[in-house]
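Take a look at the structure below.
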Amino acid sequence: MRLLLTSVPPADRLLLVPAAVRDSPEFAEHLADVETAVVELPSERREAIATGLSAARAAGARLVVPDGDKNVAPLLLALARARGTHPPVSVLLMRTSLPGGPERATPGMTVKPPLAFLLARVPRVRVRFLTDAFGVVVRRRGFPGIEPVRDPVTVPGPVARPDDARPDDAGGPAGFRLGVFGVVSARKNVPLLLEALEQLPDVHLVVGGRCEPDVRTALEESPLADRLHVDDRLLSEAEFDAAVSGADAVAVLHDNDAPSGIVAEAAARGVPVLGPARGWAASMVTGTGIGEVAELGATDPVAEVRAAIARLVAHRDRRAAAAHRARTRLGTDHFVTGLIGDAR
């Protein structure tokens with residue numbers, strides 16, 4: 001949202017958010033300093049869409065719905081009622097999973113594709129799906145004709161080359177530093193990592209981000225206390241950048257059918273990735289050569305993860321060099337232009 005807002009002059013900005021979003025710590029961290037007019041939306045989804053369309057029409061602005069998945073049906077209804085008087089609209093589908101994949105099946109997976117197909121054919125409505133930051137995936141089964149926009153990643157300044165030494169006395173833990181970052185939920189498989197690390201005594205686990213209660217319990221009960229470095233809180237952008245940059249590799253150990261921002265953020269800093277052998281994150285890792293993958297559905301997933309970490313330690317320089325090459329594919333222009341550029 002910040003990227004979209006700051007890509008237009010302050011006088012042309014209009015931010016439409018519910019009160020709960022405006023009062024959230026995420027808003028305070030990422031949007032509070034952006035100069036913009038703000039319209040508070042009702043909490044009920046249909047009313048929020050109707051209010052958003054009216055506000056955009058009155059301002060002569062394009063309405064951008066950056067998390068459009070649950071808004072496809074309300075938008076279709078509101079646009080039908082508008083009878084062609086609606087402003088230009090851009091809708092971003094963040095989740096384009098279909099039943100049968102690694103994501104848990106939901107009723108919405110069945111009805112979203114045909115509704116999105118109809119929405120994309122309404123005049124002055126642009127529908128896009130979020131692909132990975134590298135552009136590895138260019139089309140989604142079940143969503144024909146809907147084009148991708150790349151997950152936006154701001155590439156930081158120059159980072160150390162993979163052959164540059166990083167002394168362990170620079171404030172970080174000695175040994176190989178494997179990081180888990182973001183909102184650390186059960187799906188990130190931290191207990192699996194902890195068990196795999198028991199037989200890898202030179203590997204430390206660095207956890208940065210808000211930990212959900214079950215993850216916090218697993219960390220507290222782990223016998224690897226001397227090799228655990230946990231910062232259980234919402235990190236600022238600067239803190240996140242420092243944490244990822246200070247890792248030797250980043251673990252994204254969950255099968256998914258959606259792009260992983262953490263994989264791209266690691267590559268943007270020249271840091272290799274430990275990923276799953278299946279799902280979208282696997283496509284990002286193997287499609288760019290930036291890391292190693294482990295088969296989480298194997299008979300012995302702990303052994304699989306342990307072996308993948310060992311390979312990553314042994315080949316870190318080669319994987320880091322691939323990450324440096326892959327970072328040239330990252331940026332924010334494709335995302336911004338795809339949603340608010342002049343083309344339909």
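The values are calculated or read from the model by the stated rules, or taken from the named source; none is laboratory data. Just so it is clear, the structure is predicted and the values come from calculations on it, not from any experiment. Virtual Cβ from ideal backbone geometry, glycine too; neighbours counted across all protein chains shown. The accessibility values were calculated without ligands, DNA or RNA, using every heavy atom of the protein model including side chains. Shrake-Rupley method; radii C 1.70, N 1.55, O 1.52, S 1.80 Å.
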(message) Can you tell me how many residues within the range 188-233 are among the polar types (S, T, N, Q), closer than 21 Å to Ala307 by Cβ and more than 24 Å from the chain's Cα centre (by Cα)?
(response) 2
(request) Check Ala281, Ala323 and return the single one that is buried (at least 20 other Cβ atoms within 10 Å of the Cβ), small (Gly, Ala, Ser) and modelled with pLDDT of 95 or more. (result) Ala323
(message) Quick check on the range 94-103. Is at least one of its residues closer than 23 Å to Ser283 by Cα, without any contact (Cβ under 8 Å) to a residue 60 or more places away in the chain and touching a Pro at 6+ places or on another chain (Cβ under 7 Å)?
(response) no
(request) Look through Pro113, Pro107 and report the one residue that is on the phi < 0 side of the Ramachandran plot, of a type outside the set (Asp, Glu) and surrounded by fewer than 14 Cβ atoms within 10 Å (Cβ to Cβ). (result) Pro107
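Those residues that are more than 25 Å from the chain's Cα centre (by Cα) and surrounded by 15 or more Cβ atoms within 10 Å (Cβ to Cβ), I need them from the range 53-73; list them, please.
Of everything in the range 53-73, those that are more than 25 Å from the chain's Cα centre (by Cα) and surrounded by 15 or more Cβ atoms within 10 Å (Cβ to Cβ) turn out to be Leu53, Ser54, Ala55, Ala56, Arg57, Ala59, Ala61.
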(request) List every residue pair whose Cβ atoms lie under 9 Å apart, where the two residues are 6 or more positions apart in sequence or sit on different chains, the first residue falls within the range 274-288 and is free of Cβ contacts under 8 Å to residues at least 12 places away in the same chain, and the second residue, located anywhere, is of a type in the set (Lys, Arg). (result) none
(message) Among the residues that make up the range 128-140, is at least one of them free of Cβ contacts under 8 Å to residues at least 60 places away in the same chain and surrounded by fewer than 18 Cβ atoms within 10 Å (Cβ to Cβ)?
(response) yes
(request) Return the total of residues in the range 333-344 being within 21 Å of the chain's Cα centre (by Cα) and either more than 17 Å from Val136 (Cβ to Cβ) or of a type in the set (Asp, Glu) (or both). (result) 5
(message) Suppose we keep only residues that are open to solvent by 40 Å² or more (accessible area, probe 1.4 Å) and in contact with a strand residue (DSSP E or B) (Cβ under 7 Å, 6 or more places away or on another chain) within the range 326-344. Which one would you say is nearest to Leu4 (Cα to Cα)?
(response) Ile340
(request) Identify the residue in the range 255-273 that is open to solvent by less than 10 Å² (accessible area, probe 1.4 Å) and in contact with a Gly (Cβ under 6 Å, 6 or more places away or on another chain) and, among all such residues, is nearest to Val305 (Cα to Cα). (result) Val273
(message) Looking at the range 178-194, I want the residues that are under 8 Å from Val215 (Cα atoms) and have a partner that is surrounded by fewer than 23 Cβ atoms within 10 Å (Cβ to Cβ) with Cβ atoms under 6 Å, at least 6 apart or on another chain. Which pairs are those?
(response) Ser185/Glu212; Ala186/Asp214; Val190/Ala218; Pro191/Ala218
(request) Could you name every one of the strands (runs of 3 or more DSSP E) located completely within the range 28-117 that has at least 1 residues being more than 20 Å from Ser7 (Cα to Cα)? (result) 37-41, 89-93
(request) Out of Val250, Val206, Val230, report the one residue that is in a strand (DSSP E or B), of a type in the set (Val, Ile, Thr) and within 22 Å of Asp132 (Cβ to Cβ). (result) Val250
(request) Being closer than 29 Å to Arg140 by Cα and in contact with a helix residue (DSSP H, G or I) (Cβ under 9 Å, 6 or more places away or on another chain) is the filter here, so list the residues in the range 309-332 that pass it. (result) Arg319, Ala322, Ala323, His324, Arg325, Ala326, Arg327, Arg329, Leu330, Thr332
(message) Could you check the range 256-278 and list, in sequence order, the residues that are under 14 Å from the mean Cα position of the chain (by Cα) and of a type outside the set (Val, Ile, Thr)?
(response) Asn256, Asp257, Ala258, Pro259, Ser260, Gly261, Ala264, Glu265, Ala266, Ala267, Ala268
(request) Among the residues of the range 290-307, count how many are open to solvent by 20 Å² or more (accessible area, probe 1.4 Å) and assigned to a loop (DSSP other than H, G, I, E, B). (result) 6
(request) Considering every residue within the range 308-327, establish whether at least one is within 23 Å of Ser245 (Cβ to Cβ), touching a His at 6+ places or on another chain (Cβ under 7 Å) and assigned to a loop (DSSP other than H, G, I, E, B). (result) no
(request) Identify, by number, the condition in (1) open to solvent by 10 Å² or more (accessible area, probe 1.4 Å); (2) of a type in the set (A, V, I, L, M, F, W, C); (3) modelled with pLDDT of 95 or more; (4) in a helix (DSSP H, G or I) that Phe240 doesn't meet. (result) (3)
